[in-house]
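The values are calculated or read from the model by the stated rules, or taken from the named source; none is laboratory data. In this text, all values refer to a predicted model and were calculated from it rather than measured experimentally. Note: ideal-geometry Cβ built from the backbone for every residue, glycine included; neighbour counts use all protein chains shown. The accessibility values were calculated without ligands, DNA or RNA, using every heavy atom of the protein model including side chains. Shrake-Rupley method; radii C 1.70, N 1.55, O 1.52, S 1.80 Å.
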Amino acid sequence: MNFLSQTIANKPDPNWSQVQVIPIIESQDPLVPLGLVNSPLRSYPAYFHQGVPGALNESYVRRSVLFRLYKAARLLPTGIEMVVLDGWRPLSVQQYLYDTLHTVMTAHDTNQNETELLAHLRQFVSPPSDNPAAPSPHLTGGSVDVALCDVEGLLLDMGTEFDDISFWSASAAFETITKPNARESEVIENRRLLHSVMLQAGFTNLPSEWWHFDYGNQAWAWAAQQPQAQFGVTERLTLAQRWLKSVTNEV
């Protein structure tokens, strides 16, 4: 097992009770749209294309997160690009994802008690929260879901689909295979590549999801052992809110 595979395999799941008490010193870094990003970075708002109610047709992240995404994408070998599948979410989308997965898990596994169910659920969707002291990670603009593709826009084989909720979605899942076949070896290398460039750019990974990375929020602070987070809950201003802010600043 090489250094990178050890790094992936040795990451613990977040202790959410510890994560949620990390202080947030808001940096005021604004949300920015990804619609105009250039190669080797792409944007494909997956939930919008899947028809999730309230999902936006544009992905947004904090500005410093975008800079770090470019840094990660430019570390990729020629012929491979990075795709952002999701970034900042409205609270309504977080609620929909949580409720839908809760319903599916409840119907599928009747042997789990409610505590076990909620723990399993949290591995894939955080409880919806716009609490300023403990927001859902995606509501901060500091969480991103990413994958890799070739120059033709075809996604590389990462082992599972984005948002799969099986054991194989864990970042280190394929590292447990003693004698991987050709396809499994390809998946291992693709995940290692994604993990490597994202960590070099300053992100941390959620161990239960190969696609989920954080920067600046409480989840990042906990994983990176930082004393405070930079991003709290944020929102995309409506036109009326922008006008009001502009008028207020003029007074």
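For the chain, compute Rh as the Kirkwood radius over C-alpha pairs and then the Stokes-Einstein diffusion coefficient at 20 °C and 1.002 mPa s; write the answer in µm²/s, rounded to an integer.
On the way: Rh = 18.9 Å.
So the translational diffusion coefficient is about 114 µm²/s.
With just the Cα atoms defining each centre, how far is segment 210-233 from segment 134-206? Give it in Å.
Comparing the Cα centres of segment 210-233 and segment 134-206, I get a distance of 18 Å.
Please state the relative contact order of the chain as a whole percent: Cα pairs under 8 Å, 6+ residues apart? Display every interim value, and only then the final one.
On the way: 410 pairs, mean separation 67.3, N = 251.
With pairs under 8 Å counted, the relative contact order is 27 percent.
Helix-only estimate, please: 222 nm mean residue ellipticity of the chain, summing -39500 (n - 2.57) across DSSP H runs of length 4 or more and dividing by its residues, to the nearest 500. It would help to have the intermediate numbers written out before the result.
On the way: 9 runs with 91 residues, N = 251.
After summing the helix terms and dividing by the residues of the chain, the value is -10500 deg cm²/dmol.
Against the empirical 2.2 N^0.38 Å scaling, what ratio does the C-alpha Rg of segment 77-180 come to?
1.26
Taking 1 over the mean of 1/r across every pair of different Cα atoms in segment 133-226, what Kirkwood radius in Å do you get?
Working: mean 1/r = 0.0711 Å⁻¹.
About 14.1 Å for segment 133-226.
Testing the spin-label approximation: label points 7 Å from Cα along Cα→Cβ at GLU235 and GLU114. State their distance in nm.
Result: 2.9 nm between the two label points.
What ranking do 20-33, 126-139 get when scored by the average of other Cβ atoms within 10 Å per residue, highest first?
126-139, 20-33
Per residue, how many Å² of accessible area does the chain show with a 1.4 Å probe?
Values: 12890 Å² over 251 residues.
Counting only protein heavy atoms, the per-residue value for the chain is 51 Å².
Of the heavy-atom accessible surface of segment 59-200 (probe 1.4 angstrom), what whole percent is carbon and sulfur?
Working: 3650 of 6620 Å².
On segment 59-200, the fraction of accessible area on carbon and sulfur atoms equals 55 percent.
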